[in-house]
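For reference, the structure is listed below as structure tokens.
The values are calculated or read from the model by the stated rules, or taken from the named source; none is laboratory data. From a predicted model like this one, the values you see are computed outputs, not experimental measurements. Cβ placement follows ideal geometry from the backbone for every residue including glycine, while neighbour counts extend to all protein chains displayed. Please note that ligands, DNA and RNA were not included when accessible areas were found on the heavy atoms of the full protein model with its side chains. Shrake-Rupley method; radii C 1.70, N 1.55, O 1.52, S 1.80 Å.
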Amino acid sequence: MISVRNLTKRYAGHTAVDDISFEVDRGEIVGFLGPNGAGKSTTMRILTCFLSATRGTASVGGFDVFKDSIEVRKRIGYMPENVPLYDDMRVKEYLHFRAQLKGLRGRSARHATGEAMDTCSLQEVRRKMIGTLSKGYRQRVGLADALVNKPDLLILDEPTNGLDPNQIRQVRELIKRLGERHTILISTHILSEVEMTATRVIIIDKGQIKASDTPQNLIRRLHSSGTVHLEVKAAPGQVIEKIESLADVKTAIHISSAQDWASIDIHPCSNVDIREQLFALSREQNWPLRELYRDTASLEDAFVNITGS
Amino acid sequence: MRQFFILLRKELRSFFLSPLAYVIIALFTFLNGWLFSSIVTAMRLRVNQHSLVYNLFDSGWFWMGYFFLFPLLTMRLFAEEKKMGTLETLFTAPVRSAQVVMAKYFATAILYIVIMLPIFAFFFLFQDITGELAAFQSGSFYGAAAILMLVGLFNIAIGCFASSLTSNQLIAAMITFVGVVLHYFLGFIHFFGAKLPTELLDKVTYFSTVEHRRLFTEGLVDTRPIVYYLSSAIVMLFLTHQILERRRWKA
Ligand SMILES: Nc1ncnc2c1ncn2[C@@H]1O[C@H](COP(=O)(O)OP(=O)(O)OP(=O)(O)O)[C@@H](O)[C@H]1O
Ligand SMILES: [Mg+2]
């Protein structure tokens with residue numbers, strides 16, 4: 001669906017995108033991650049034919065963004081960063097205008113407008129002036145605009161930026177649903193979002209691609225330490241002694257005790273999962289157990305690890 | 001073409017639903033009405049060899065107000081879209097930049113015509129009420145209307161261009177004002193530089209609005225000014241198009 005080769009974008013003396021190449025296949029939901037100023041929006045603007053590249057090529061659905069820009073634009077629904085909209089138009093009127101502009105006619109334009117408003121839960125504000133809408137509704141209008149003509153590819157630049165947690169959840173659900181029908185390229189700072197919705201993550205930093213993989217693989221690559229936390233009701237000294245006698249355990253450290261509960265960190269020898277052994281041990285010793293969990297690396301760890309200086 | 005009409009309708013709609021359009025129409029009509037009545041009064045007091053139409057458009061006051069019209073009409077065209085960021089949604093939709101430029105241009109031209117109509121209504125009212133002729137021959141009417149249309153089309157194109165240069169409406173307005181006024185005063189070079197060689201002066205009359213207006217309001221319609229204003233407008237619109245496309249040029 002998207003094919004980017006050796007793409008470079010230079011602004012007066014400053015390289016925003018530096019020789020990046022990547023592919024996005026039909027049906028994928030790709031999360032575009034990177035710190036501020038990494039070049040995410042710039043890449044998206046090139047893909048949507050708004051900006052030219054300094055070097056390299058990009059194509060969408062087999063059409064070159066530079067040579068066949070109209071064909072490319074017909075196939076893309078784009079929601080820019082900060083969701084620019086005409087404040088003096090009403091929601092329905094705006095979406096209808098956009099549907100027409102994207103080539104839908106008469107009845108099908110009206111139908112598409114209604115459908116987009118349904119999808120983005122905009123029906124109750126359809127007569128409202130866009131300038132009076134709350135941020136969350138503006139965001140949804142932007143999203144409705146992007147998908148009104150059912151494009152093959154959705155390019156969404158920080159669609160949940162500035163929303164409250166409830167709305168973030170709603171928009172995320174929406175994106176997930178959209179992913180069933182569209183290919184999506186989405187940029188965001190909210191990692192849990194990508195972790196939940198994306199089938200693949202591209203991490204970009206200082207204009208260069210640092211990683212491109214599934215969220216799970218990125219996390220796995222981090223080699224989580226496998227540290228396990230345990231809380232049992234028993235004397236700490238005895239517990240540590242018993243645990244350290246297990247073959248797979250390197251060290252066990254007593255962290256704290258509250259009332260009779262001892263809280264202990266256990267580091268295994270290699271990256272093995274020792275939770276089952278620990279559970280068996282506490283049952284055998286008749287220790288009341290109230291907590292047992294293994295540290296997992298998150299996408300956030302992967303992100304910090306890859307882009308941190 | 002379909003895209004052009006969709007965009008044109010949207011532009012017209014945002015014009016006529018904004019208070020600015022009505023403020024401009026009201027103000028301009030009021031000023032011209034006032035000017036009109038003072039000229040009628042002046043002509044009653046002192047016999048004048050020219051017609052009312054000629055005298056109105058010969059008045060510096062008319063042109064003063066006229067110059068302010070174009071910055072007001074055109075400043076927001078592209079500058080506002082740039083500032084709001086809507087240029088990005090606009091140009092990532094499958095529309096050609098030329099369609100956008102033409103839609104904005106013609107929408108402004110339509111608004112311009114609406115603003116100019118009351119002046120001509122004044123003349124007809126005058127003729128109706130007094131039974132006197134506002135112009136000595138009907139050609140004067142058409143000539144005046146034609147020259148106003150031509151100069152207007154050219155000035156709107158200047159405004160379009162200025163608005164595409166910046167995201168600041170005030171700066172766009174100032175560039176338009178300077179452009180419009182400078183062009184108008186080119187025609188006055190006669191007065192300032194009487195020592196200029198005559199071939200040059202002849203050239204100057206080719207783009208002297210003052211000269212064209214004299215001829216046209218006498219009913220003497222000439223094709224050269226028509227070609228001049230229309231082609232200049234096209235050049236300005238082409239430049240506007242280039243400015244908008246610049247961001248997509250290969251560096
Ligand atoms: N019009 C411009 N002129 C000059 N430099 C620019 C321009 N637009 C962006 N840049 C620079 O290009 C770099 C990349 O910007 P870009 O907006 O693509 O980052 P981003 O990854 O989207 O960041 P964010 O997460 O903050 O949105 C930044 O250093 C930015 O300052
Ligand atoms: Mg950005």
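Sparse packing (at most 14 other Cβ atoms within 10 Å of the Cβ) combined with a DSSP loop state is found for the following trypsin sites (Lys or Arg not before Pro) in segment A:95-168: A:105, A:127. Rounded to the nearest 5, what % of DSSP beta bridges with both residues in segment A:130-237 are antiparallel? The antiparallel fraction comes to roughly 50 percent. Packing, as the average of other Cβ atoms within 10 Å across residues, places the peptides A:259-268, A:279-288, B:144-153 in the order B:144-153, A:259-268, A:279-288, highest first. If you average the alpha carbon positions of segment B:101-148 and of segment A:238-274, how far apart do those two centres end up, in angstrom? Measuring centre to centre over Cα atoms gives 94 Å. A run of chain B free of exposed loop cleavage sites, with trypsin sites (Lys or Arg not before Pro) counted only in DSSP states other than H, G, I, E and B and at most 11 other beta carbons within 10 Å, reaches its longest extent at B:47-194. In segment B:215-251, the residues that give up 20 Å² or more of accessible area when the other protein chains are added, compared with the chain on its own (1.4 Å probe), are B:247, B:248, B:250, B:251.
A cut-off of 5 Å between modelled amide H atoms, ignoring neighbours fewer than 5 places along the same chain, links residue A:34 with A:188, A:204.
Bridges between two residues of the protein assembly as shown, per DSSP, are antiparallel at a rate of about 70%. Scanning chain B for chymotrypsin sites (Phe, Trp or Tyr not before Pro) in DSSP loops with at most 15 neighbouring Cβ atoms within 10 Å leaves B:1-135 as the longest stretch between them.
A cut-off of 5 Å between modelled amide H atoms, ignoring neighbours fewer than 5 places along the same chain, links residue A:51 with A:46. Burial of accessible area (probe 1.4 Å, heavy atoms of protein chains only) in segment B:55-87, relative to its chain alone, reaches at least 20 Å² for B:84, B:86. Applied to segment B:218-230, the Karplus parametrisation 6.51 cos²θ - 1.76 cosθ + 1.60 on θ = phi - 60° returns per-residue 3J(HN,Hα) values of 8, x, 9, 7, 10, 6, 4, x, 4, 4, 4, 5, 5 Hz, with x for Gly and Pro.
Normalised per residue, the accessible area of the protein assembly as shown is 47 Å², obtained with a 1.4 Å probe and no contribution from ligands, DNA or RNA.
Evaluating 6.51 cos²θ - 1.76 cosθ + 1.60 at θ = phi - 60° for every residue in segment B:29-41, the Karplus couplings come out as 5, 4, 4, 6, x, 5, 4, 4, 5, 5, 5, 4, 4 Hz, glycine and proline recorded as x. Note that segment A:36-44 has calculated 3J(HN,Hα) couplings of 4, x, 6, x, 5, 4, 4, 4, 5 Hz, one per residue in order, obtained from phi through the Karplus relation 6.51 cos²θ - 1.76 cosθ + 1.60 (θ = phi - 60°); glycine and proline are x.
To the nearest hundred square angstrom, how large is the accessible surface buried between A and B, total for both chains, probe 1.4 angstrom?
Buried area (both sides, nearest 100 Å²): 3000 Å².
Counting every pair of alpha carbons in segment A:104-241, the share spaced more than 23 Å apart comes to 50 percent. Averaged across A:72-81, how many Cβ atoms of other chains sit within 10 Å of each residue's Cβ atom? The mean count of partner-chain Cβ atoms within 10 Å per residue comes to 3. Only lysines eight or more places from residue A:176 in sequence, or on another chain, were considered; those with a Cα closer than 28 Å are A:40, A:74, A:92, A:102, A:128, A:135, A:150, A:210. 5 Å is the cut-off here: which amide hydrogens, built 1.01 Å from N in the peptide plane, fall below it relative to residue A:28, excluding neighbours closer than 5 in sequence? Here the answer is A:184, since their amide H atoms fall under 5 Å of that of residue A:28. When peptides A:77-83, A:111-117 are sorted by average Cβ neighbour count within 10 Å, with the highest value leading, the order is A:77-83, A:111-117.
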